[in-house]
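The values are calculated or read from the model by the stated rules, or taken from the named source; none is laboratory data. Predicted model, so just to flag it, every value in this text is computed and none were measured. Cβ sites come from the backbone with ideal geometry, for glycine too, and all protein chains shown count toward neighbours. Note: areas computed on protein heavy atoms with side chains; ligands, DNA, RNA excluded. Shrake-Rupley method; radii C 1.70, N 1.55, O 1.52, S 1.80 Å.
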Amino acid sequence: MKREGLLRKGNKSALTAAIVNTVISIIKGIAFFITGNVAMFAETMHSLGDAANQFFVYIGSALSKKAPTDRYPNGFGRLVNLVLLGAVLIVGIMSYETIKEGYHHILHPVASTGASIIINLVVLGVAVALESFVLFKAMKEVLHEVGEEAKGLAIFPKSFANLGRSKPATKLVFMEDLVATSGGVIAIIGILLSYFAGWHFAEGVASMMIGIMMFYVVGKVFLDNAKGALSEADDELESQIAEYIFTNPEIKDIRTLFAMKEGEDYHIEMKLEIDTSISVTDAIKIKNRIEGKIQEMRGITDVIIEFEEDDGVPTWVNTYKLAEEK
């Protein structure tokens, strides 16, 4: 597949967020150089980190769709996890700088002038509006990926409830823009407290709060994608597949069943016990039927099935009960 074709398969939410955050970071950067406001510095670093991060996410999600090759027969599904693991380092550095500048401002607060206040509030207001738009798009993308429908205000709680089931790239965009929107509001509050209440250290506190929220995103995304890179099993999906398997009367037992995350998709492997009286031709038909049905499930792209002779011992039931007892 050509590069142009691959790029079209990249995560659209990540691309939209990267473009919007690039524009926002430029506007915030100009405002910071004019006003020297530390809260604006924090927001500039935040948006710049988000833009770079989301651009890498878009590229990584696109390249992960590349077809397997002789050198990489298992495909490139986990590439998006590796890219995200690298991308969070950028946000980590930005988080450190944001917290450091905020701390220095608390120790040595500087009063902002009336003109700079207006510039900062206007820029932050526009930024919050744009980031809210990207966040809303990410919420709708979450619902689309998990097959849920919602309209109006119902989109908000449903997207939060289903965030864990969304693709890694979409989850990252969602979390980063949630923090970006919240951070913009916190920066506005800090600036207002500094100017009207005379609490000049409030801008430094706002900067540190934004940096800490960014660190939370770093930790969460790192852990989620470390699991993806190691191909974590999905117990819920395994139970769903097992339930379907036992609706096939020819299958006597499930010896092993693994639903492993490969980047944004799932790789399924299983060993099924079958009656030895069934002919090879019929076994192939059964195998094709089961594979076809499982591949219809959302997010599953690869299914490997092996048949073995029924040993009369209910392996899957015993394994399932043992896991429940633990």
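Would you point out the residue of the range 140-180, among those that are within 26 Å of M208 (Cβ to Cβ) and of a type in the set (V, I, T), that is surrounded by the fewest Cβ atoms within 10 Å (Cβ to Cβ)? Ranking the candidates gives V179 first. In the range 38-49, the residues that are on the phi > 0 side of the Ramachandran plot and not assigned by the TED database to the domain that holds I99 never reach a residue that is open to solvent by 10 Å² or more (accessible area, probe 1.4 Å) and part of a helix (DSSP H, G or I) with C-beta atoms less than 6 angstrom apart, at least six apart or across chains. Within the range 50-77, if we keep just the residues that are open to solvent by 30 Å² or more (accessible area, probe 1.4 Å) and part of a helix (DSSP H, G or I), the residue that is farthest from V218 (Cα to Cα) turns out to be L63.
Being in contact with a helix residue (DSSP H, G or I) (Cβ under 8 Å, 6 or more places away or on another chain), assigned to a helix (DSSP H, G or I) and assigned by the TED database to the domain that holds L272 holds for only one residue in I212, I241, I254, and it is I241. Of all residue pairs spaced 6 or more apart or on separate chains, those with beta-carbon atoms under 6 Å, a first member in the range 90-101 that is touching a residue at least 12 places away in the same chain (Cβ under 8 Å) and a second member that is part of a helix (DSSP H, G or I) and open to solvent by 40 Å² or more (accessible area, probe 1.4 Å) are S95/F215; I99/M208.
Criterion applied to T256, T247 was being polar (S, T, N, Q) and open to solvent by less than 50 Å² (accessible area, probe 1.4 Å), and the one residue passing it is T256. Scoring I284 on the criteria (1) exposed (fewer than 14 other Cβ atoms within 10 Å of the Cβ); (2) touching a Phe, Trp or Tyr at 6+ places or on another chain (Cβ under 9 Å); (3) not in a strand (DSSP E or B) leaves a single failure, condition (2).
Among residues of the range 287-319 being more than 13 Å from I241 (Cα to Cα) and part of a helix (DSSP H, G or I), the one that is most open to solvent (accessible area, probe 1.4 Å) is R289. Applying a threshold of 8 Å to beta carbon distances and a minimum spacing of six or more residues, or different chains, the list of pairs starting in the range 168-187 at a residue that is part of a helix (DSSP H, G or I) and ending at one that is of a type in the set (F, W, Y) reads A169/Y58; V179/Y216.
Screening K140, K167 for residues that are in contact with a strand residue (DSSP E or B) (Cβ under 9 Å, 6 or more places away or on another chain) and within 28 Å of I90 (Cβ to Cβ) leaves exactly one candidate, K167.
Keeping to the range 181-227, report how many residues are charged (D, E, K, R), open to solvent by less than 60 Å² (accessible area, probe 1.4 Å) and farther than 14 Å from N37 by Cβ. Give the steps one after another, and end with the answer.
Just the residues of the range 181-227 that are charged (D, E, K, R), to begin with: 203, 220, 224, 227.
Now drop any that are not open to solvent by less than 60 Å² (accessible area, probe 1.4 Å), which leaves 203, 224.
This time we only want the ones that are farther than 14 Å from N37 by Cβ, so: 224.
Number of matching residues: 1.
Every condition in (1) in contact (Cβ under 8 Å) with a residue 60 or more places away in the chain; (2) open to solvent by 10 Å² or more (accessible area, probe 1.4 Å) holds for L84 except the one numbered (2).
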